[in-house]
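Notes follow the structure.
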Amino acid sequence: MKDKIRLPIDLGHAIQRARKEGRLKATDIAARSGRARNVLYRLERGEDITLASLFDILRAMDLTVRLERLGMPTQEEVATRFGQDDDDAS
């Protein structure tokens, strides 16, 4: 997984994608993490949850967090974020 995570919704989408790719059921993650299924769904929507909940869910999914320098976004990331095509950038 090489997702660039800059916003809570980016994290939510990455976790949801990892869950679906791993064929993990939300109920199983909830049981393993000790958190309500609703907490996982809120995380996947980019909503606020506690850090403790985040780490419990990541651990239940066998995932971890790695920090790296932010750097500048690529042109593709800017276009995706702001919905601009190359044709629109006049």
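Please work out if residue 15 is in a helix (DSSP H, G or I), surrounded by 12 or more Cβ atoms within 10 Å (Cβ to Cβ), β-branched (Val, Ile, Thr) and out of contact with any Lys or Arg (no Cβ under 7 Å at 6 or more places or on another chain).
Yes; evaluated as a whole, the condition is true for this residue.
In the range 26-52, what residues are in a helix (DSSP H, G or I) and more than 18 Å from residue 5 (Cα to Cα)?
26, 27, 28, 29, 30, 31, 32, 33, 37, 38, 39, 52
Return only the number of the condition from (1) free of Cβ contacts under 8 Å to residues at least 40 places away in the same chain; (2) touching a Lys or Arg at 6+ places or on another chain (Cβ under 8 Å); (3) part of a loop (DSSP other than H, G, I, E, B); (4) of a type in the set (D, E, K, R) that residue 56 does not satisfy.
That leaves (3) as the condition not met.
Would you be able to tell me the number of residues in the range 59-88 that are touching a Lys or Arg at 6+ places or on another chain (Cβ under 8 Å) and open to solvent by less than 100 Å² (accessible area, probe 1.4 Å)?
Number of matching residues: 4.
Test residue 23 against the stated conditions and say whether it is buried (at least 16 other Cβ atoms within 10 Å of the Cβ), of a type in the set (D, E, K, R) and part of a loop (DSSP other than H, G, I, E, B).
Taking the combined requirement at face value, the residue does not satisfy it.
Could you go through the range 58-78 and let me know if any residue there is acidic (Asp, Glu), at pLDDT 95 or above and within 13 Å of the chain's Cα centre (by Cα).
Looking through the range 58-78, none of the residues is acidic (Asp, Glu), at pLDDT 95 or above and within 13 Å of the chain's Cα centre (by Cα).
The values are calculated or read from the model by the stated rules, or taken from the named source; none is laboratory data. Note that the structure is a prediction, hence the values are computed from the model and not measured. Cβ coordinates were reconstructed from backbone atoms using ideal geometry, including for glycine residues, and neighbour counts include every protein chain displayed. The protein model used for the area step is the full one, side chains on, heavy atoms only, and it has no ligands, DNA or RNA in it. Shrake-Rupley method; radii C 1.70, N 1.55, O 1.52, S 1.80 Å.
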